[in-house]
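Only one structure is covered here, and it is reproduced in the block below.
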């Protein structure tokens, strides 16, 4: 009888905690489908001028991949993380309204073509509907550098750009 | 004996449950401005603050606009979090910010010196306006009200430094807005304390208000800054943040570490969180 008094709260804890976790997982599952914004016409259907191949299939020592990697590590990795998981050393303070994107997420850049990603790099999150901490890199990189970064983004995240219809 | 053990275990169990419930919501973390029935203390050491539950806000380097924190010698800003408490008594509202800083940088006695500083940001919404300004200094015609405390203005030094100037006796009458390429007149009023009441509508548009309504006091001790900001809940200034009891509004924070050569845009910042005024 006395043991019940000690075990009961523990059971209560486990029941409530498991319900909280289940509810969180359910909520997470519900918002899995991400609706991306429509890019301006200037960016629609743009192809990467540096390579027509799937960036994921490019070798590690490809010159564009190496250049993209260097630029990514110096800038993007601070928020998006070296592993592209959105957990870089500067990510913690940028929590609203959008956290730094986890690019390994199948709902993220894998759902986008390279022109869309170029738009996001150019303009950042300073305008609607984003209002995020993503900087506008338009004037910081050359066009070649931006395409190199895009190749490395896909390569690093281990995902392919959205296939053309 | 077993009743005590039961109660103790129950408390631990419930604490565990509460601790696992996510506290952050899509609006970020919530700073609660607790309703109190005492005069608002201007001293950050006042025991009133000990009874107030605070919240820790995570900060990151300002890397959005130039000059970015990447250009600092360490490649990033120093301060990673700020603890925030708030109280209001219906007439005044106050905020206590606490953060770790191993060095006190409170003198701008030469052009190579950098100050410690802190700021709180609120949106200024026109009647009927729903859109919240961009957290980074506002945007377009979406204005923010910024309260900036500067360590070098503590200890009565604010009286020696004209409003809008950085050094004692500088006596500036106007300032140059390099971003917009214009000269504007500085407010004629003198400082009341170490906090400046400012507005912005985007990066590079920071402007002093004619009406300086915010007071404050900061103390550095044991590797930590404790800074109080306070203001009347309501003011006549249309460019001031509006606080209403029983409502919520966005709030954001910034900290500068002079020891890390931080100034202007090179600082630690948060995105919008939520202020709930009890």
Compactness relative to 2.2 N^0.38 Å, alpha carbon Rg of region A:78-165: 1.04
Cut-off 16 Å (backbone N to label point 7 Å along Cα→Cβ of residue B:141), residues of region B:202-218: B:202
Point-to-point label distance, residue B:129-residue A:136, nm (Cα→Cβ direction, 7 Å offset): 1.9
Any chance you could check the Cα centroid distance between region A:68-135 and region B:33-93 for me, in angstrom? 27
So for R0 = 51 Å, FRET eff. of residue A:46-residue B:111 from the Cβ-Cβ r, to 0.05, ends up at 0.60
Counting partner chain Cβ atoms within 10 Å of every residue's Cβ in A:125-132, what's the average? 4
Expressed as a fraction of 2.2 N^0.38 Å, the rule-of-thumb size for a compact globular protein of N residues, what is the C-alpha radius of gyration of region B:28-277? 0.95
Starting with the fewest neighbours, write out B:269, B:55, B:93 ranked by other beta-carbon atoms found within 10 Å of each beta-carbon. B:55, B:93, B:269
Across peptide B:57-64, how many C-beta atoms of other chains are within 10 Å of each residue C-beta, on average? 6
Placing each pseudo-label 7 Å from Cα in the direction of the beta carbon, residue B:46 and residue B:244 end up separated by a distance in nanometres of 2.7
Per 0.36 nm of contour for each residue apart, how much would the distance between residue B:53 and residue B:102 grow if the chain were fully extended, relative to their Cα-Cα spacing? 15.2 nm
Partner shielding of B:257-265, taken as the mean number of other chain Cβ atoms within 10 Å, equals 0
With the crude spin-label approximation of a point 7 Å out along Cα→Cβ, what separation in nm comes out for residue A:36 versus residue A:162? 0.5
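Read the figures in this text as sums done on the coordinates, not as results from a lab. What you see is a predicted model, and the numbers here were worked out from it, not measured in a lab. Every residue, glycine as well, gets a Cβ built from its backbone with ideal geometry; the counts of neighbours run over all protein chains shown.
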